[in-house]
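Take a look at the structure below.
Each reported figure results from applying straightforward, stated rules to the coordinates on display, with no laboratory input. Nothing here was measured: the structure is a model prediction, and the numbers come from that model. Ideal geometry is used to build each Cβ from the backbone, glycine not excepted, and the neighbour counts take in all protein chains shown.
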Amino acid sequence: MTFKELGLSEALLKAVADQGYETPSPIQEKAIPKILQGQDVLASAQTGTGKTAGFAMPMIQLLAKEPPRQRRPIRALVLTPTRELASQVLEDVQNYSKYVDLRSTVIFGGVKQNPQVDQLKRGIDILVACPGRLMDLESQGFVDLRQIEFLVLDEADRMLDMGFLRDIKRIIAMMPLKRQNLLFSATFSSDIRKLANGLLTNPVTVEATPENTTADRVDQIVYKVDQARKTELITKLIWDGNWHQVLVFTRTKHGANRLVQKLEKAKITAAAIHGNKSQAARTKALANFKKGEVSVLVATDIAARGLDIPLLPYVINFELPNVPEDYVHRIGRTGRAGAAGIAISLVSVEELEYVRGIEKLLGMPLVQEIIEGFEPTKGPVEGGKKRMHGKGGNTSGGREIRNNNTTNRNNGNTNRNVRQKSRSKGGDNRN
Ligand code: ADP
Ligand code: MG
């Protein structure tokens, strides 16, 4: 399949070529023709599979069919859960609409509203927004949604998780009934289906599920370790492996800050990205991470949602999420665009039940290992035996537990290590 065969116009094809995309991704193949036909679409595909282009390109093409109207009323609204995601969606929209006459902008909270209001006053065809600031500006009379032709809910599952359902409903009430609705999500929960039922008219459902729930280009490993020693272990892993471009997930904002401080103390450059940081601080942290000036980005689930970080070799779960789906989202940050990745989870005995939930969702067991010198002092609940000094034993339901150490791992001759070596080239020398 080519983009041309999907029915995209010259202006869009040129923009796609500029992006260097060669062939449409599976979700794009399925969604683009339906959207071009004017249908409501409910689409689900894993993170990193090109969903943005899947809705943005056909929508832009349809919008561009009509010459710009006087004073440019807002004709399309894309709602996203986080500011980072909103900025990225806008960037994509602007890339894909380079060769058509459409104006777009983004609005979100945490920054001054005046520049956003000025943009809106100049006339905007496509508005990308987070719900809070949108409602705020609407109530002040700066946003008029009465001419909306397209509504997109991007990362809809996360918007529901974040409690945006009421806001979404209020925003929808500001729009005309006749419009095309697109709902994009990484997962298809029953809540998403319920939302879709209330929102979409005769929708087409398109789904692109990978053969394995998680990309098999991602090596997933669980290291069992005591909670109290996780910082020490993560420092050792990053330091010994000379890892760069590491995305670390913590459960709390406070935990993220604390870990950054400890990594910095160990002379590993790190920055935190979470909801309590100012927009400027988050943008700066992400930019520095992308440039390679910061080796480790520590994030909470909400802040990291939808972040587009190309070629991310390492994802570390400092703590496991209590929602298994979040695990899939997290490790969706690695192994993107054909590149291989490693997802490591540091798991304390208290978190073993989360491992079981994740394994159930993935439909496969995760490799569980213990690193020499970091043997958990608390025995696994399962099996009831205490496992000391990392010695063999198979105490957890037939899962593989190997007595391993990082030195061997780094010098061994597995694929994983080849990657580590090639990635650490050009890294600083930390002796
Ligand atoms: P999702 O929303 O599914 O998580 P994105 O839309 O953010 O994924 O896309 C992930 C990355 O893939 C982006 O960097 C995007 O530019 C790139 N991308 C999108 N479509 C294609 C394509 N057809 N070929 C190559 N890269 C693509
Ligand atoms: Mg997306």
Open item on the list: Against the condition touching a His at 6+ places or on another chain (Cβ under 6 Å) and either at negative phi or not in a helix (DSSP H, G or I) (or both), how does A256 come out, does it pass?
Closed with: yes
TODO: Give me a count of the residues in segment 72-82 that are surrounded by 23 or more Cβ atoms within 10 Å (Cβ to Cβ) and either at positive phi or within 14 Å of ligand 2 (Cβ to nearest atom) (or both).
DONE: 4
Task: Subset of segment 262-288 [part of a helix (DSSP H, G or I) and surrounded by 13 or more Cβ atoms within 10 Å (Cβ to Cβ)] - done: K262, L263, E264, Q279, A281, R282, T283, K284, A285, L286, N288
- [ ] For segment 70-104, name all the residues that are away from ligand 1 (no atom under 16 Å from the Cβ) and free of Cβ contacts under 8 Å to residues at least 24 places away in the same chain.
- [x] Q70
Task: Of all residues making up segment 11-57, the number that are in contact (Cβ under 8 Å) with a residue 24 or more places away in the chain and away from ligand 1 (no atom under 13 Å from the Cβ) - done: 11
